[in-house]
Amino acid sequence: MIKYAREKGLVERVLDGVIVAPSILENPMEWTDWLTWTQVARQLEIALGGRSKVLISVAEEILRSEVGNFFLFFLRIAPLSVIVHKIGENVEKYSNKNLKVKARLLKDGELEILWIPNEPARYSNQMYDFNYGWTLATLRLKGMQDVIIEDIRCVSNEGKPYSHYKVTWTPRPNIFRRIVDVFNFRVRDQKSIIQHMEENHQSLQKQYSEILALNNTIEASRNFYRHLMENIGEGVIWLDTEGRITYTNAVFCKWLGREAGEFEGRHVWDFMSKKYSSVYYGNRLQKSREQNGQPLTEEYSYITSEKKERIGDTTIISLLNERQQPGFLVSVRDVTEKRRMQQKLEATENRYRSLYENSPAIIIGFDHSGKFMYANRAMEEQSGYTEAELKEMHFGQLVAPGADFNAQRLMDRLTEEARLQEVHFKTKNNEWKSIALNSYPLFDDSGSFIGVAGIGVDVTETKRLNEQVVRSQRMELLGQMAGGLAHDFKNILTSINGRSQFILEEAEIAKAHRNAQIIYQATIRARDLIDKLGTFSRGDMGGSELFDVNTVVSEVADLAIPIVDKGTTVNLVLDTKPLVVKGDPGKLHQCILNLCMNSRDAIGKKEGSITITTESTNALALIKVADTGGGISPDIIEKIFDPFFSTKTKGKGTGLGLSVVYGIVRSHQGNIVVDSRPGEGATFAIELPLAAGEQHDIAALKGSSMSTNGLVMVVDDDNLVREYVAEMLQKKGYATIEFANSEDTLRWFEGERAKSVSYAVLDIILPDIDGVELADKIRLRRPDIRLLFMTGYIAVNIRRPAEGEIVLSKPVDGPMLLNAFNRLSEKRG
């Protein structure tokens, strides 16, 4: 009835308001109550125009269209008594609970039928008409003539518990009578009768052969499909409408390690994972039923006889079997190992994906044209571009124009082996970075070259540090060379300087006095120059004391203000607390003032500013000198601290300015860095270690006049220096004794002679043992002796005097020497 309505395009009107699913109504094995069928029949009658008795013709039309060839053949040739018996038997077996049918053949031409509904009160006229038409069509298909159905008692009209019909038709003559009639009617002689019988016999024989051939075909098809099911390589099972197993092939049994008998009659979910309930699996069968023959494929977990889990790719199709019974054909393909391998593969992919995304190394790939194919997060962070932006770019767009890198040349060289090279590229913020890129070729499945992959490490900071180390080593070497020259040169200057002072004091002729004054001034200039040259060495610091960086910076700022152009402002930003360091405040003063002068020259006649700031960070005193000048070109920024390198015009500078700054900073165990870009000014940052755990007394020492005289040991390997110092002291009332080395000094300094000595002036660098070690040995014999050190240069490997000792930097002149003795006298007091 539902199928008929669907073919006529009336199904929506017929099923309007019906709560039972169409799949249930169309399934002959599903039970549906009379109330629902009555609703469907009435709405079908209305949809067809509401004509009286229209459902009789509908039932007859449905039967004629639905009956199969085999059933029609059986209906035609089988005796009526056999058909009546089969109808009763089939109704008892297969009919639903709504209706029971009993039929009894009274005689040829007369049949009695009883319709017994389970709810007589709901057996409507529409259902009566439909069953009436169905019965009438069945008898007519049988070939009965003049069929009449007589209502003896009707449930719908009389309220009886059953309906009683009497069916009559015109009986056909028996076979013999029909043969005679045919013969009498159609033929007139014996020959014709025999010929006619032979023709009919041959026709029957042909029909019988066709039936046998059809049966053989059907049997062959059954054997084929049985063989297919057993050898298909997949598990195959058949489920009834309740999900019970009625068939399993050998593959499914072997897969779960069970015998076929273990499955018979049990629900399929009894052998599946308990992850889901039986209701869930039942709903999947219902969904398959609603798909009208379309396969439903999902993965389920099955449990073997050994309680192991196997994963099956399961396809469910709702079908009718060979007996036209509904059910489900289920095929199961074992994908357990495949899923396990997929899980391992996914885990491996996730590990490598995590490594790719989180690696601090740059990972990139570009095709044969140099266009990016991928870039990891490290490349995004280093370049400033997102991966999407990089994929629209070529690697050559990032590489420095002057760099020795050509993407195509690299690809040509990568046909056989990987390459390691340094690449300079520009970031999105226009900063240049260096990466050590290890690149290797990429090939497709056919072995064709498709591009280049690379793994790189940012070496920008490493290069900067290496360059700083190399520069430091170069400067240290130059400083050692300069220090050695300075030591000898200062000894010479000491003698010249001292002798010129003597001439100045003693000369009576004005011209001689003038010449001596010129010599003295020349030695002072030579001393200043050699002092600058001596600052190349980390150890050449001269005097060392505690002082506040803020004080020195303030003094420099006061000096810088009047010497800069009117358009340049000097800004001073000091830390709120003292920044006490240990070193030479005079040299640091010179260092900062030198940087300010360079800033002044960089700004020139334009308007600009010089900003000097101090602050403390990580136990360091940080001094910054920043200007708004033209900046420093990248190609010379690495050379600015080299000695004798200058960007000024000839005659405007010695080339010792920044190299002296560098040497002073290094002598204070500090560091200096520069940050500059063309057109953006320059900032020099000096880092000095803060003095910790010491008494920060940074008051200036006051000098005093000599109060006493005494015997002074003068120890220096340079005769001129030694003689000058001795003569200068003698002029001031001191007795002196001179030694050229430590061995002679210690040999003499014993017993009563040691007690007679009040002072010792020691050169730090001596030919045998250094002056500091000599001082230690002297103090072992005379702990109260007062010592004064002189030096033209202290190498890195030479010991420095202890804190608090007085150290004079050569060349030593008279005032310097006498002031040092005043300080020694104060200590003695």
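The values are calculated or read from the model by the stated rules, or taken from the named source; none is laboratory data. Please read all numbers here as calculations on a predicted model, not as lab measurements. Please note: Cβ atoms are built from the backbone with ideal geometry, for glycine as well, and neighbour counts cover all protein chains shown.
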Checklist outcome for this item: Of the residues in the stretch 234-250 that are surrounded by fewer than 21 Cβ atoms within 10 Å (Cβ to Cβ) and within 19 Å of T336 (Cα to Cα), the one that is nearest to the chain's Cα centre (by Cα) is E234
Checklist entry - Since Y280 meets every condition but one in (1) in contact (Cβ under 8 Å) with a residue 40 or more places away in the chain; (2) farther than 17 Å from L329 by Cβ, which condition does it not meet? => result (1)
Next on the checklist: Yes or no: the stretch 702-713 includes at least one residue that is at pLDDT 90 or above and not in a helix (DSSP H, G or I).
Outcome noted: yes
Checklist entry - When both residues are 6+ apart or on different chains and their Cβ atoms are under 6 Å apart, which pairs have a first residue that lies in the stretch 798-824 and is within 23 Å of G710 (Cα to Cα), and a second that is at pLDDT below 85 and in a loop (DSSP other than H, G, I, E, B)? => result V807/G543; N819/G703; N822/G703; N822/S704
Next on the checklist: Going residue by residue through the stretch 794-815, is there one that turns out to be over 60 Å from the mean Cα position of the chain (by Cα), in a helix (DSSP H, G or I) and not β-branched (V, I, T)?
Outcome noted: yes
Checklist entry - With respect to G733, is the statement that it is in contact with a Leu (Cβ under 7 Å, 6 or more places away or on another chain) and in contact (Cβ under 8 Å) with a residue 12 or more places away in the chain true? => result no
Checklist entry - Counting only residues that are of a type outside the set (V, I, T) and under 36 Å from the mean Cα position of the chain (by Cα), which one in the stretch 670-679 is farthest from P634 (Cα to Cα)? => result D675
Item to check | Test for R786: is it under 30 Å from K582 (Cβ atoms), in contact with an Asp or Glu (Cβ under 7 Å, 6 or more places away or on another chain), of a type in the set (K, R) and touching a residue at least 24 places away in the same chain (Cβ under 8 Å) | outcome: no
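A quick yes/no check of all residues on (1) closer than 26 Å to K142 by Cα; (2) surrounded by 14 or more Cβ atoms within 10 Å (Cβ to Cβ); (3) at pLDDT 75 or above; (4) in the same structural domain as L319 (by TED's automatic domain parsing):
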site: V11; (1), (2), (3), (4): no, yes, yes, no
site: D16; (1), (2), (3), (4): no, no, yes, no
site: Q39; (1), (2), (3), (4): no, yes, yes, no
site: L48; (1), (2), (3), (4): no, yes, yes, no
site: S52; (1), (2), (3), (4): no, no, no, no
site: I62; (1), (2), (3), (4): yes, yes, yes, no
Checklist entry - What do you reckon, is T736 surrounded by fewer than 21 Cβ atoms within 10 Å (Cβ to Cβ) and assigned by TED's automatic domain parsing to the domain that holds M816? => result yes
Next on the checklist: Looking at (1) in contact with an Asp or Glu (Cβ under 8 Å, 6 or more places away or on another chain); (2) buried (at least 18 other Cβ atoms within 10 Å of the Cβ), which one does L296 not meet, given that it meets all the others?
Outcome noted: (1)
Checklist entry - Among all residue pairs at least 6 apart or on different chains, which show Cβ distances below 7 Å where the first residue, located in the stretch 602-617, is in contact (Cβ under 8 Å) with a residue 24 or more places away in the chain and part of a helix (DSSP H, G or I) and the second is buried (at least 17 other Cβ atoms within 10 Å of the Cβ) and not acidic (D, E)? => result A602/G629; A602/G630; A602/A682; I603/T568; I603/T628; I603/G629
